Amino acid sequence: MKRLLAAMTAVAVLTLVGCATLPTSGAVEEVPLSAQPPGIDVAPEPPADGVLPGRLVEGFLQAMADPSDDYAVARQYLTGDAARVWEPTSAVIYNGSVSSDNSAAGIDGQLLGRLDSGGHYTAANDTFTFDFGVVEENGQWRIGTPPAGLLLSSYIFDRYYSLVSLYYMARAGTHVVPEAIHLPETLVTPTSVVLALLEGPSPTIELNVSNAIPASVGLGPERATIDAQGVVTVDLTGLSDDLSTDARRRLGAQLIWSLTSVARMTGLVVTVDGMPYALPGATADGVLELSGQQGYQVLSRGSSPDLYGVRQGVAGQLSEAGDLIPISPRPDEVSEVAISLDGVSLAYVDTDRTRLLIGSSGGELTSVETGLTNLRHPQYVLGTLYVMGDEDGVARIAEVDRSGTVEMLDLDLPNGAVLAGFAVSPTQARLALVVQTASERSLGVVGLLPDGTSTTPWQKLELVSSTGQELTDVHAVAWQAELSLAVLATGASIRSVYTTEVDGSLIEDLGPVSTDVDDVSAMARLGGGNVAIRTGLGVVWRYEARTRWTRVADEISAISYSS
């Protein structure tokens, strides 16, 4: 992936300079309508004559918001030798300021994260300093020591970069699984997305997915373009005509869902060296329509934003008026409830937290022996039930299928770490795990491996906001979207609810509602769904983008969205 960002720079045709307009006629190629965010106020210019070191570095940092022509404006701030060797194919994201005098300039601040050459973000939390080695060249100050890649302030990164979801196939072949990369908004084009997809999944997810695009395939001479109707034509090379119908179907699904990051995309046409390539389900014109590929997207499979709760041992749906509408079948008193995304399967934890009851809506309940005590946090994902409990004093996660068969997940946790909470991703490919160590309570995201019972090793996910505020004491977690989590954590000594991407980027504070928030649940949806919290006093609040926090109900001992 070392040359991916550089390759994508070569295909960009819009820049962040000024207010570019779209042509009113002709084909539309490589230009996302969302390329320019509202209120652009960065217009990089070359260094002015006589500019001092501090202003020189500030201009260079600003110019790194403009990737056009391989960062041509930014290179003008460098010495001739430095401009020739500088490779802006990776990036450091920081929060800090420029310090300077009459002959030197540098950055002092905080390291927030890194982007590799493929656009994958790794969160960080450390001090950051850099000396630009300012020197005089032809009577002008220029930067003689450029960074190894880009230096992006948190402002530039938040405002001018987009999160792009690349999709690969679940190993079962039934649905697509996303992976996040971050690209400059002007580089979110059909060609850049396909190039990124051809690089294949990163090591963090490659064991959990399969790539429907054969390794021998490359991007053809016609590249990838989008027409006025939103149909993307992807020209490939090296793609065999001997692929089976199922393999072609998966290829189409993986390509079309990855291309949803491109504005206006409605359909896909694949060609091989310029010749049409048949995809199952395509129209008579050879177009595979996005509307016909919803079955591969887990969060498109139909669900309602119903919030469930338990009040005085009775489980039910919470109405807008705060009433609890009991659900059926209805056992004796319960402590928690889980409902599947399709509303068919349900599970209860009894009040002693030793017995698990599973069944279908309106049907019969079956008692399942898990061998665990203190059962808690039941949740459905793709028809499989997950529940946390204790075995000989050790917290475990049990996986329960529809027939009641129980398997224990093998979690690869650090020595001495204790599992404190979990949430399974909507695609069943990842686990968000809250882990308690002697010094802290932290969040990490691991891969759920193909055998379904083991995971990749847990590592702490650094949670640092764009202002440099570290989030600590993670109390609970829930999936709010395919790649986004709702997290209950403490920042600046105040417990609040935050959303964060799965890689620790783009953290947003939803705002504290109460000082004693005890639990969080979320409705995972494309683009992000509702978030609900429950206080220690049993008050439930719901967060919605339009209304912010709304008080929903009182005297509630547990909450959950269907999942």
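Would you please calculate the Kirkwood hydrodynamic radius of segment 237-335 over all C-alpha pairs and express it in Å, rounded to one decimal?
One decimal place: 17.2 Å for the Kirkwood radius.
What would the Debye formula give as log10 I(q)/I(0) at q = 0.13, 0.18, 0.20, 0.21 Å⁻¹ for the alpha-carbon point model of segment 187-300, no solvent?
-0.45, -0.90, -1.14, -1.28
When the Karplus curve 6.51 cos²θ - 1.76 cosθ + 1.60 is applied with θ = phi - 60°, which whole-Hz ³J(HN,Hα) does each residue of segment 446-454 get, with x for Gly and Pro?
Taking θ as phi minus 60°, the curve returns 10, x, 8, 6, x, 6, x, 10, 10 Hz for segment 446-454.
Helix 245-258 versus the longest principal axis of the chain: what angle, 0 to 90°, nearest 10, using Cα atoms?
70
Taking segment 307-561 on its own, what percent of its Cα-Cα pair distances exceed 35 Å?
Of the Cα pairs, 9 percent sit more than 35 Å apart.
Taking 0.36 nm per intervening residue step and subtracting the Cα-Cα distance, what contour gain separates Ala172 from Ile494 on full extension?
The span from Ala172 to Ile494 would gain 111.6 nm if fully extended.
What Kirkwood hydrodynamic radius, in Å, does segment 36-187 give when the mean of 1/r is taken over all pairs of distinct Cα atoms and then inverted?
16.5
Using the reciprocal of the averaged 1/r over all distinct C-alpha pairs, how large is the Kirkwood radius of the chain in Å?
25.5
Check which residues have an amide H placed less than 5 Å from Ala476's amide H, if you skip close sequence neighbours.
Leu488
If you take all C-alpha pairs in segment 297-347, what percent of them are over 14 Å apart?
Considering segment 297-347, 53 percent of its Cα-Cα pairs are separated by more than 14 Å.
Tell me the mean residue ellipticity at 222 nm calculated for the chain from its helices only (DSSP H runs of n ≥ 4, each -39500 (n - 2.57), averaged over every residue, nearest 500).
-3000 deg cm²/dmol
If you take the alpha carbon radius of gyration of segment 144-226 and divide it by 2.2 N^0.38 Å, what ratio comes out, to two decimals?
Compactness ratio reported: 1.30.
For segment 187-300, what proportion of DSSP beta bridges, expressed in % and rounded to the nearest 5, is antiparallel?
Expressed as a percentage, antiparallel bridges in segment 187-300 total about 60.
Fewest to most neighbouring Cβ within 10 Å: what's the order for Ile339, Ile205?
Ile205, Ile339
For the pair Arg551 and Val135, what calculated FRET efficiency results from E = 1/(1 + (r/R0)^6), where r is the Cβ-Cβ distance and R0 = 60 Å, to the nearest 0.05?
0.45
Over the chain, what relative contact order in percent results from Cα pairs under 8 Å that are six or more residues apart?
Computed over the chain, the figure is 10 percent.
Find how much the distance from Thr127 to Thr145 grows on full extension, using 0.36 nm per residue of separation minus their present alpha carbon separation; answer in nm with one decimal.
Stretched out fully, the Thr127 to Thr145 stretch lengthens by 4.5 nm.
At 0.36 nm per residue, minus the direct Cα-Cα distance, what do Val394 and Arg114 gain on full extension? Give it in nm, one decimal, please.
Answer, rounded to one decimal: 97.3 nm.
Quick check on the exposure proxy: order Asp101, Asp503 from fewest to most C-beta atoms within 10 angstrom.
If I rank by nearby Cβ atoms, fewest first, I get Asp101, Asp503.
I'd like the Karplus ³J(HN,Hα) series for segment 62-76: coefficients 6.51, -1.76, 1.60, θ = phi - 60°, whole numbers in Hz, and an x wherever there's a Gly or Pro.
5, 5, 6, 7, 10, x, 5, 6, 6, 6, 4, 5, 4, 5, 5
Using only alpha carbons, build the gyration tensor for segment 482-563 and give me the equivalent ellipsoid semi-axes, biggest first, whole Å.
Over the Cα atoms of segment 482-563, the semi-axes work out to 19, 16, 11 Å.
Under a plain spin-label model, where a point goes 7 Å from the Cα along Cα-to-Cβ, how far apart in nm are Asp352 and Ser240?
5.9
Give the distance, in whole Å, between the Cα centre of segment 348-381 and the Cα centre of segment 164-194.
Using only Cα atoms, the two centres lie 36 Å from each other.
Which number do you get for Rg(Cα) / (2.2 N^0.38 Å) in segment 304-440?
That works out to 1.07 for segment 304-440.
Once the Cβ-Cβ distance between Ser99 and Glu206 is put in as r, and R0 is 51 Å, what FRET efficiency do you end up with, to the nearest 0.05?
Efficiency at R0 = 51 Å is approximately 0.75.
Quick one: Asp519, Asp390, fewest Cβ neighbours within 10 Å first, how do they rank?
Fewest-to-most Cβ neighbours within 10 Å comes out as Asp390, Asp519.
We did not get these values from a lab; they are worked out from the coordinates using the rules stated. Since this is a predicted model, take the numbers as computed values, not measurements. Virtual Cβ from ideal backbone geometry, glycine too; neighbours counted across all protein chains shown.
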